[in-house]
Amino acid sequence: MSNPQLQSLSAHAKQRLDRKKTAKLNRKDKLELYRRFLKTEEHRILLYHRSGGSGRRVSKRRSDLIETLLKHLYMDAIDASEGTPPEVTLTAIGGFGRGNLNPCSDVDLLFLHPKGAKGLPQEATEMVETVLYMLYDCGFKVGHA
């Protein structure tokens with residue numbers, strides 16, 4: 001990871017969204033933690049843009065931010081699942097999948113399971129819903145399949 005901005009983002013996420021910390025929080029407190037993290041990082045992106053950062057780099061930074069947040073949401077959902085974690089793969093698609101996420105763009109996600117949507121076990125459904133609801137509550141427009 002040679003990108004200094006991405007290193008800074010990852011360090012901030014590791015500090016603020018540590019799994020040992022979030023595991024002890026209720027949903028409301030987790031949501032507040034995620035919102036504060038997003039607000040801080042989105043403000044950094046705004047300052048970067050105002051200082052002359054290109055739109056392309058801004059969209060890349062925003063994509064990195066959402067990817068970082070999703071990693072934490074996904075791991076939180078796995079940690080919250082009882083027993084063996086469900087076999088669900090989370091994939092970014094659309095502009096987000098290409099690493100370019102403009103402000104106000106929706107976040108397009110694809111959840112994959114070996115049995116497809118029709119054979120989705122309850123634990124997997126709950127995990128997907130946990131991730132999606134947290135994103136919705138953070139203020140994102142989410143497209144999912």
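Pairing each residue of region 18-42 that is farther than 13 Å from Tyr136 by Cα with any residue that is surrounded by 13 or more Cβ atoms within 10 Å (Cβ to Cβ) and small (Gly, Ala, Ser), provided the two are 6+ apart or on different chains, yields C-beta distances under 9 Å for Ala23/Ala80; Phe37/Ala13; Glu41/Ala13. Here Glu129 meets each of (1) surrounded by 15 or more Cβ atoms within 10 Å (Cβ to Cβ); (2) assigned to a helix (DSSP H, G or I) with one exception, condition (1). Evaluate region 30-40: report whether one residue or more is closer than 23 Å to Gln5 by Cα, β-branched (Val, Ile, Thr) and loosely packed, with under 14 Cβ neighbours inside 10 Å. Checked region 30-40: at least one residue is closer than 23 Å to Gln5 by Cα, β-branched (Val, Ile, Thr) and loosely packed, with under 14 Cβ neighbours inside 10 Å.
The single condition among (1) surrounded by fewer than 18 Cβ atoms within 10 Å (Cβ to Cβ); (2) part of a strand (DSSP E or B); (3) touching a helix residue (DSSP H, G or I) at 6+ places or on another chain (Cβ under 6 Å) that Leu110 does not meet is (3).
Whether any residue in region 74-92 is charged (D, E, K, R) and over 23 Å from Leu132 (Cβ atoms) is what I want to check. No, that holds for no residue.
Looking across region 87-120 at every residue that is charged (D, E, K, R) and out of contact with any strand residue (DSSP E or B) (no Cβ under 7 Å at 6 or more places or on another chain), the one that is nearest to Asp76 (Cα to Cα) is identified as Glu87. Residues considered: Gly83, Gly143, Gly53. Of these, the only one that is farther than 22 Å from Lys20 by Cβ, out of contact with any Cys (no Cβ under 6 Å at 6 or more places or on another chain) and touching a residue at least 40 places away in the same chain (Cβ under 8 Å) is Gly143. For Gly95, the conditions (1) within 20 Å of Lys30 (Cα to Cα); (2) assigned to a helix (DSSP H, G or I) all hold with the exception of (1).
Readers should treat all values here as calculations from the given coordinates under stated rules, not as data from a laboratory. What you see is a predicted model, and the numbers here were worked out from it, not measured in a lab. FYI the Cβ positions are ideal-geometry reconstructions off the backbone, even for glycines, and counts take in every protein chain you see.
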